[in-house]
Every structure is written in C-alpha cells, then in structure tokens.
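Structure, as structure tokens:
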Amino acid sequence: MNKKKVMSLVVSFFVYGIVAVFFIWAISNSYFDYIFSQSSTFLYLLKQHMQLVLVSSLLAVGVALPVGILVTRRSFRRAEWLVSNTVNLGQTIPSLAVLALMISILGIGFKTAVFALFIYSLLPMYRNTVAGIDSIDENLIDAARGMGMKPIQILFRIELPNASYSILAGIRTAVVLNIGTAALAYVVGGGGLGVWIFTGIQLFDNGYLISGAIPVTLLAIFVDYLLRLLERKIVPKGSKPPQET
Amino acid sequence: MITFDKTTKTYEGGVTAVDGVDFTVEKGNIVVLLGPSGCGKTTLLRMVNRLETISDGKITIDGEDSMSLDQIALRRKIGYVIQSNGLFPNMTIEENVMIVPDLLGWKKKEKRERFNKLMEMIGLSGEKFGKRYPHELSGGQQQRIGVIRALAADPPVMLMDEPFGALDPIIREKIQDEFLQIQREVKKTILFVSHDIDEAIKMADKIVLLRGGEVMQYDTPSEMLVRPKNEFVREFFGKDRAIKSLSLHTIQDLQEVIGLANMDETISDTITINVNHDLRNTLSMLLNQEADQVIVIDDEGNKLGAITIDIVQKYLHFEIKAKPTLVQKG
C-alpha cells in the first residue's frame with residue numbers, strides 16, 4: 001500500500017470521526033427533537049425550502065442556458081463581454097445585499113427570495129455553458145460544417161452533447177450553492193429552513209439551529225448526489241473526461 | 001471534375017490569399033495542392049465547399065457553378081477529411097461514419113450495410129468497432145475512420161486537408177498505400193492539400209505548386225521534378241529531386257526499357273527484391289550494400305535478373321531526364 005492511500009484513509013477516518021462525534025453530541029443533547037416534536041412545521045419549512053431552490057434554479061437554467069448558447073453563436077460573439085460582465089455583477093454583490101436590494105424593489109416574501117436566488121445561480125450556469133461550448137475543438141465544428149450540417153444540427157448534435165459535462169457541472173454547483181443560500185430567504189420573509197436556523201441564532205437555541213441546519217446540509221449532499229447520477233446518464237460516453245470513465 | 005476559373009480570395013484589409021488560380025482536376029484524379037505555409041493551399045481547398053467565400057472568379061464542380069448550389073446540399077455532395085480527423089467524441093464510430101447518410105435520410109438497413117462495407121475497405125471489423133468511441137481507437141485507426149466517413153455517401157468529389165499529416169511516418173506510409181488502393185476502386189475526384197513533397201509525389205496524378213496564392217506550376221509529379229518551370233519550383237523540390245523522381249518508377253519500368261543485369265551465380269551473398277519496388281527505395285538499398293548482389297524477383301518468386309547502381313543511374317539519365325516524349329506545357 002502506498003503512502004497516498006494511507007493518507008487518504010487517515011483523512012477520511014478523521015472526517016467521518018468528527019461527523020460521528022458531532023451526531024453523538026447532538027443526539028445525546030436531543031438537539032434533533034424539534035424535527036419530530038414539530039414535524040408538520042418541519043415538513044412545511046422543508047417543502048418551502050425546496051420550492052425556493054427548485055423555482056429559482058429552474059428559472060436560472062431557463063435563462064442562463066439559452067443566453068450562454070446565444071453568445072457563443074458567431075453573430076453574437078461580440079455581445080459576450082457585455083453579457084458576461086452583467087452576469088458577473090450579479091455574483092459580486094454579497095448575497096445578503098442582493099436580498100436587501102430586492103426588498104426595495106419587490107417587497108418581502110417568496111417572490112423576492114426566489115428572485116435573489118435566481119440572480120445568484122445565473123453565473124455558474126452561464127459560465128459553464130459558455131466555457132463548455134468554447135472548449136470544443138474548432139476542428140470538430142469545421143468538420144461538421146464541411147460535411148453539410150446545418151447550424152442547428154451542429155448545436156444539438158455536436159456542441160451541446162460535448163459541452164454537456166461542463167453545463168451539468170455548472171448547474172450542479174449552482175443548485176448546491178442555492179440550497180445553502182436559500183437559508184437566507186428567512187431574512188426577506190421567504191420562509192424555508194432558514195426560519196429555524198435564524199430562530200436558533202436569536203434564541204441561542206442549539207436545537208432549532210441544528211434541526212434547521214443539518215437538514216439543509218443533508219439536502220445539499222443528497223441533491224449533489226442525484227445530479228451526479230443524472231450527469232452520468234446524460235453525458236455521452238465518448239465525451240466524458242477520461243478520469244470519469 | 002473540379003474547375004478553377006480565375007478563382008481569387010481577398011480578405012478584408014486587402015490581403016490576397018488566392019490569386020487568379022486556373023486549373024482543372026480531371027474526374028478520377030488526385031490533384032495535390034503543394035506549397036509552403038501560407039501559400040493559400042488550404043484556403044483554396046476550403047473555397048471548394050464554400051467554407052471560405054469566393055471573392056472573384058468561380059469554381060465549377062462537374063460543370064455546375066458552386067455558387068449556384070445550396071451551400072448545405074453542396075457540402076453533403078463533397079467528402080471532407082481534415083488533419084485532426086474531426087471525429088465527434090460523443091458519437092460511436094458507426095454514428096460518426098454515417099453522419100452524411102443520416103443527414104441525407106438514408107434508411108437504417110442501408111446505413112448498416114454501407115458502414116460494414118466501408119469498414120471492410122480499411123480492414124477493420126464493423127461489428128467490433130461500430131459501437132466503440134473515437135478515443136478508444138489509435139491515431140491511425142481514427143484517421144482511417146475519418147477517410148471512410150468522407151466516402152460514406154459516395155460523393156463524386158473529395159477534399160482532403162493534410163489528412164495524414166498528424167501520423168507517424170510508418171503509419172502514414174501504410175495508410176497512403178491503403179488509400180491509393182481504395183482510390184483505384186472508387187475513382188473519386190480528389191483535391192488533396194499537403195506540405196510534404198514525398199507525399200505529394202506519391203499520391204498525386206498532378207501537383208499544383210502554389211506560392212503566395214499563385215500557381216507556380218501545374219504538372220504531373222515527374223514533369224515537375226524533371227522540368228521545373230522556374231527557380232522556385234526547382235528550389236522547392238530540392239537538390240535531390242532526381243532521386244525523388246525515382247520514386248515514380250519501378251524496377252519493372254526499368255526492366256522494360258533497358259533490361260536488368262545478368263545474375264552472377266558465383267556470388268553467394270545475395271538478397272532479393274520484388275519487381276514492383278520503386279527505384280528510389282531500390283537505390284537506397286543498393287547504397288546500403290546489404291549484400292554483394294541484388295536479385296530481382298517477380299510476384300511468383302522467379303528470378304528475373306540482377307540490379308546495380310549503374311543500371312539505375314543509366315535509367316535515370318536516359319529515361320527520366322532526357323525523355324523527349326512528354327511535351328512540356330505552357
């Protein structure tokens with residue numbers, strides 16, 4: 001057994017150890033009790049949290065993907081810097097500030113939270129779409145054109161399948177980030193599991209804090225896993241990065 | 001047949017890449033566009049399937065002005081092979097090869113039959129390779145797939161842009177031979193870009209030597225080697241062009257014209273060489289002095305006679321250089 005393997009074994013034992021100790025500590029202090037004693041509230045908040053993530057992510061995919069595809073077309077190339085900078089701007093503003101700004105425009109509530117999360121998800125999705133399409137070998141496009149493929153056929157048969165790995169990775173990153181950020185929705189009255197987390201903070205109640213935070217974390221890990229499975233299904237076998245096959 | 005008629009390409013800003021080019025690629029011929037980097041050979045090739053626009057003059061394919069045809073339809077009728085094979089990594093080998101037939105709406109059964117036939121031509125099993133992906137194949141195999149992909153819909157015309165340029169010398173030679181073998185069968189009209197003189201001499205029925213977008217000489221390889229039209233052509237083919245011209249002739253040609261030397265039965269240290277061997281390699285072999293006597297044999301293994309450096313030199317002197325039969329063009 002080589003050194004690298006030993007090291008990775010030690011590190012993973014260490015990490016799992018910490019997680020195990022944490023759970024033992026949390027359970028022995030009955031910090032998870034709220035989930036069971038107030039299960040209907042918990043489920044309601046969880047559902048709300050998932051709705052926030054789902055709606056904002058779908059909206060972001062619906063905007064980022066077409067825009068990313070559009071700016072990689074020959075005739076729109078020149079617009080790329082403008083779009084990229086606009087999207088970057090959305091990302092550079094701190095997420096709390098985005099929320100606060102949205103309150104002044106949309107008021108408080110679900111809509112505001114969704115909109116802020118939507119803005120925040122755009123960049124990773126857009127970036128990866130553009131990068132994925134840009135990374136395709138120019139020669140492939142040349143060959144496709146030379147064989148008489150129409151631009152739309154090149155897009156759907158060559159560009160998108162070969163960029164799919166990058167595009168899906170962008171969506172996955174954005175959605176997972178989104179699950180964490182959605183906890184802030186509480187601040188603008190958007191609900192979600194952030195309600196318990198902030199209640200926990202304000203009341204110094206570890207029970208609320210952990211009953212809110214741990215499900216959010218688990219949700220993020222679970223969704224990440226689901227999206228990885230989806231990637232494996234969608235990305236064509238031949239265009240996967242070598243280390244994945 | 002492809003005809004270039006004062007074909008010109010001028011880029012915005014006034015740079016002329018191709019300047020009033022005039023020549024015809026006869027049906028079933030391979031014409032090699034040869035020249036140094038930046039001479040406009042690739043641009044000229046890409047103007048045929050309109051990947052580059054034509055600024056002036058025209059290109060006709062089988063009598064039809066290329067500009068009168070729909071761009072997409074035109075390209076589907078022209079096979080296109082590029083240096084980096086251009087196979088799509090997301091598609092299997094079979095899907096890659098059958099792209100144009102697929103675009104043209106062939107039936108599934110037709111496509112399958114065509115695929116297996118094409119794979120047979122390059123000596124690969126369609127069954128075994130059809131479901132694989134390009135990255136699972138070697139460079140040589142990928143390039144072969146690139147070639148049969150261009151042949152898939154049986155286009156009368158093919159454009160090949162340094163198709164074998166990225167391969168190592170041994171594989172390249174093998175694939176060149178294989179391609180010439182296929183060409184004898186399919187007889188396509190081929191425009192072929194190369195910067196490799198040896199490749200051009202080997203593959204071409206005629207060579208177009210370009211410089212700065214202008215045609216320096218359009219001739220058969222042997223004419224070009226023996227009677228270069230100007231200083232540029234002379235220099236381009238180099239000081240060893242006499243030796244290069246030998247690769248166009250076989251021992252058979254030599255035997256038919258001046259005959260072989262008599263065999264000396266007393267010499268025991270001999271090696272044999274096939275009569276279809278080209279004279280350039282034969283000469284190299286003679287110069288290597290691997291044996292005291294080199295015996296020429298035919299395909300059945302019958303000994304036809306001996307070959308020596310003197311005889312090759314004599315052939316070069318009298319037959320290639322002084323041959324008055326080929327009328328000089330221009």
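Specify the angular offset, from 0 to 90 degrees and rounded to the nearest 10, of the alpha carbon long axis of helix B:108-121 from the longest principal axis of the alpha carbons in chain B. The angle comes out at about 20 degrees. Set the Förster distance to 22 Å, then compute FRET efficiency between A:E80 and A:L101 from the Cβ-Cβ distance, nearest 0.05. Step by step, r from the Cβ atoms, then E = 0.30. The angle between the Cα long axis of helix A:110-134 and the main principal axis of chain A comes to about 40°, on a 0 to 90 degree scale. Here A:V21 and B:L180 are evaluated by their C-beta separation; at R0 = 45 Å the FRET efficiency comes out at 0.05. Using R₀ = 35 Å, calculate the FRET efficiency as 1/(1 + (r/R₀)^6) where r is the Cβ-Cβ separation of B:E136 and B:D62; round to 0.05. Plugging the Cβ-Cβ distance into 1/(1 + (r/R0)^6) gives 0.40. Projecting the Cα positions of B:N281, B:L210, B:G301 onto the charge dipole of chain B (unit charges on Cβ atoms of Lys, Arg, Asp and Glu, taken about the Cα centre) puts B:L210 furthest along the positive direction. Per residue of peptide B:80-93, the mean number of Cβ atoms on other chains within 10 Å of the residue Cβ is 6.
For the range B:251-321, the dipole from Cβ point charges (+1 on Lys and Arg, -1 on Asp and Glu) about the Cα centre works out to 300 debye, to the nearest 20. Put a dot 7 Å past the Cα of A:S39, heading toward its Cβ, do the same for B:K27, and the two dots end up 8.3 nm apart.
Given the pairs B:K9/B:K229; B:K58/B:K174; B:K77/B:K202; B:K111/B:K202, which span a C-alpha to C-alpha distance of over 29 angstrom in this model?
Violating the 29 Å Cα-Cα cut-off are B:K58/B:K174; B:K111/B:K202.
A simple spin-label model places the labels of B:D310 and A:F32 10.1 nm from each other, with each point 7 Å out along Cα-to-Cβ.
Take every residue in peptide A:156-163, count the Cβ atoms of other chains within 10 Å of its Cβ, and give the average of those counts.
For this peptide, the per-residue mean of nearby foreign Cβ atoms is 3.
Considering only A:L160, A:S28, A:A144, the residue lying farthest towards the positive end of the dipole of chain A is A:A144, judged by Cα position with unit charges set on Cβ. A straight line joining the Cα centroids of the range A:23-87 and the range B:108-123 runs 48 Å. Helix B:279-288 and the longest principal axis of the Cα set of chain B meet at an angle near 50°. Once you reduce the range B:143-181 and the range A:103-142 to the center of their Cα atoms, the two points are 43 Å from each other.
In the protein assembly as shown, a dipole from Cβ-located charges (positive for Lys and Arg, negative for Asp and Glu) runs towards its positive end, and of A:T72, B:T42, B:L248 it is A:T72 whose Cα lies farthest in that direction.
Taken together, the values in this text are just the output of simple stated rules run on the coordinates, not laboratory data. Here the structure is a predicted model, which is why all the values come from computation and not from measurement. Quick reminder, even Gly has a Cβ in these numbers, built from the backbone with ideal geometry, and neighbours come from all protein chains shown.
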